[in-house]
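What follows is one structure encoded as structure tokens, with my remarks underneath.
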Amino acid sequence: MSEQQGTEGQGSEQHGSEGTEHYFTARPAGDGERRPLEVRLADRQVTVETAGGIFSPGGLDKATAVLLETVPAPLPTGTLLDLGCGWGPLALTLGLSSPEADVWAVDVNERALDLTRRNAAALGCDRVRAVRPEDGPEAPLDLIWSNPPIRVGKAAVHAILATWLPRLAPTGEAWLVVGKNLGADSLARWITDELGLVVTREASKKGFRVLRVTRQS
């Protein structure tokens, strides 16, 4: 798996001002000082830590917010994955909502992984594990949530999704949020044509598509 596989986000223009260093760098050179952030996750107000050199350090980005507004409640148990975790909003939501589930948070950015681990510990999400892609789960995945890093380029995004989407369990689901003007519809067709999976558009709002991916309709 390339070093790009597992990073989060769809571009600084829509989702923050940190640029794209976090897409490519395991150990970013930006400001690493941790700072508190108040945010609402899993229907509760929580305080987390963020830092520079990661995706969307200033808060919940628009795409991830749209995804969280759309997805149904996660399974209470099983193997759940946040693909491209950043500071952890999706993984933390999964951990808070499903404390008995095994939640994996994947990213190539070591600072992002450290923040996700710290945030999970602070919120009592004991079953959230933040790891690099090569250390992620091999078991069939019951649920994937992801805001894919569209700005890394089509080939890299395809490689990421071709690695993780085929790991869905027979009844598993993946929920992806992708900008309409960043190729959401063409990506949906690619997933169907190349990976043989079923894609349905579950929402279209605020410039984003929310796609649901399953093995069968």
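The values are calculated or read from the model by the stated rules, or taken from the named source; none is laboratory data. No experiment lies behind these values; they were computed from the predicted model shown. Glycine also receives a Cβ, built like all others from the backbone with ideal geometry; neighbour counts cover every protein chain displayed. In case anyone asks, the SASA skips ligands and DNA or RNA and just uses the protein heavy atoms, side chains included. Shrake-Rupley method; radii C 1.70, N 1.55, O 1.52, S 1.80 Å.
Some points to look at:
- Accessible surface of the range 138-213, 1.4 Å probe, proportion on carbon and sulfur as whole %: 48
- Rounded, prolate or oblate (a/c below 1.5 giving rounded, otherwise prolate when a/b exceeds b/c) for the chain by Cα gyration tensor: rounded
- On the principal axes of its alpha carbon atoms, the range 130-217 extends 33, 30, 23 Å, with the longest extent given first.
- Probe 1.4 Å - accessible area at LYS180, Å² to nearest ten: 90
- Annotation: peptides 102-108, 131-137, 32-38, ranked by per-residue average of other Cβ atoms within 10 Å with the highest first, follow the order 102-108, 131-137, 32-38.
- Accessible surface for the range 113-217, divided over its residues, is 44 Å² per residue with a 1.4 Å probe.
- Rounded to the nearest 500, the 222 nm mean residue ellipticity of the chain from helices alone is -8000 deg cm²/dmol, with -39,500 (n - 2.57) taken per DSSP H run of at least 4 residues.
- Antiparallel bridges, percent of DSSP beta bridges restricted to the chain (to nearest 5): 55
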